[in-house]
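The values are calculated or read from the model by the stated rules, or taken from the named source; none is laboratory data. Bear in mind that the values here come from a model prediction, so they are computed numbers and not experimental data. No Cβ is skipped: glycine too gets one built from the backbone with ideal geometry, and neighbour counts run over all protein chains shown. Keep in mind that these areas ignore ligands, DNA and RNA; they rest on the heavy atoms of the full protein, side chains included. Shrake-Rupley method; radii C 1.70, N 1.55, O 1.52, S 1.80 Å.
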Amino acid sequence: MLRLENISAAYGYLQVVWDVSLEVKKGEAVSILGLNGAGKTTVLKVIAGIKEPKGGKVYFDGEDITGVSTDKLAAKGLAFIPEERNLFNAMTVYENLVMGGYTKDKATVSKNLEYVHSLFPRLKERDKQLVGTMSGGERQMVAIARGLMSNPQLVMLDEPSMGLSPQNTLVVFDALQKLREEGTTILIVEQNVNTTLQFVDRAYIMDQGRIVLSGDSEELRKDDSIQKMYLGMG
């Protein structure tokens with residue numbers, strides 16, 4: 001479904017990603033792991049059309065989408081949920097969610113609202129609350145739910161558990177597990193290594209802008225030397 005071929009990226013004269021190639025098959029959950037500054041978020045931004053690559057190609061469903069704008073990618077079925085969340089703080093939960101389905105007709109928006117409420121019942125309870133007054137965990141639920149309002153085939157998430165309590169982290173990963181069971185393809189960047197490796201099928205490990213290892217998640221979980229060297233776990 002998603003394929004990157006030799007992606008490189010830079011900020012001005014500072015190159016931060018070198019020749020990254022990876023693949024996410026339909027229905028898979030895949031993670032990009034590594035220490036802070038490894039280049040993980042930049043890779044997601046290149047895929048999402050936010051960051052222009054210095055070189056390489058991005059393919060989605062066999063189509064070259066390199067440099068395609070984020071709004072056009074959303075219409076093609078790719079949703080990106082950034083670490084910053086980028087919510088409309090002065091708008092209600094309901095208004096934020098409806099904005100996520102702006103390309104859909106009213107019947108589809110209504111159906112999708114019912115679906116995201118089943119994933120995050122708290123959002124239905126807080127329907128009229130201003131998003132800017134919500135906790136970090138609730139805001140993350142809104143961000144994920146808004147991304148799902150466009151009926152994406154592939155969901156990309158950047159640090160979905162960042163700053164969340166253990167309880168809210170569990171709520172988020174429970175929702176992602178339901179998405180996975182329903183066949184949604186997922187690409188996730190996450191610092192919560194053990195929880196992520198229990199969730200995904202495969203993982204790529206980045207170090208200083210390059211992919212240095214990849215493999216089955218269970219194998220990576222059991223390899224102490226890999227966890228200590230690349231994932232910062234003692």
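Scanning region 119-139 for residues that are closer than 19 Å to Glu83 by Cβ, touching a helix residue (DSSP H, G or I) at 6+ places or on another chain (Cβ under 7 Å) and either free of Cβ contacts under 8 Å to residues at least 40 places away in the same chain or surrounded by fewer than 13 Cβ atoms within 10 Å (Cβ to Cβ) (or both) yields a count of 2. When region 101-118 is filtered for residues that are closer than 23 Å to Leu44 by Cβ and either at pLDDT below 90 or open to solvent by 70 Å² or more (accessible area, probe 1.4 Å) (or both), the ones remaining, listed by number, are Gly101, Tyr102, Thr103. Whether any residue in region 202-212 is in a strand (DSSP E or B), closer than 20 Å to Ala29 by Cβ and in contact with a Gly (Cβ under 6 Å, 6 or more places away or on another chain) is what I want to check. Yes, region 202-212 has at least one match. For Met162, the criteria (1) touching a Phe, Trp or Tyr at 6+ places or on another chain (Cβ under 9 Å); (2) part of a loop (DSSP other than H, G, I, E, B) hold in every case but one, which is (1). Could you say whether any residue in region 199-207 is touching a residue at least 40 places away in the same chain (Cβ under 8 Å) and within 28 Å of Met91 (Cβ to Cβ)? The answer is no, given that none of the residues of region 199-207 is touching a residue at least 40 places away in the same chain (Cβ under 8 Å) and within 28 Å of Met91 (Cβ to Cβ).
If the condition is being within 18 Å of Val189 (Cβ to Cβ), at pLDDT below 95 and buried (at least 20 other Cβ atoms within 10 Å of the Cβ), then region 54-77 contributes only Leu73. Checking Gly183, Gly209, Gly163 one by one, the residue that is at positive phi and open to solvent by 40 Å² or more (accessible area, probe 1.4 Å) is Gly163 and no other.
Conditions (1) out of contact with any strand residue (DSSP E or B) (no Cβ under 8 Å at 6 or more places or on another chain); (2) without any contact (Cβ under 8 Å) to a residue 60 or more places away in the chain; (3) assigned to a loop (DSSP other than H, G, I, E, B), marked per residue:
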{"site": "Thr41", "(1), (2), (3)": "no, no, no"}
{"site": "Lys57", "(1), (2), (3)": "no, yes, no"}
{"site": "Lys72", "(1), (2), (3)": "yes, yes, no"}
{"site": "Asn89", "(1), (2), (3)": "no, yes, yes"}
{"site": "Leu97", "(1), (2), (3)": "yes, yes, no"}
{"site": "Tyr102", "(1), (2), (3)": "yes, yes, yes"}
{"site": "Thr108", "(1), (2), (3)": "yes, yes, no"}
{"site": "His117", "(1), (2), (3)": "yes, yes, no"}
{"site": "Met141", "(1), (2), (3)": "yes, yes, no"}
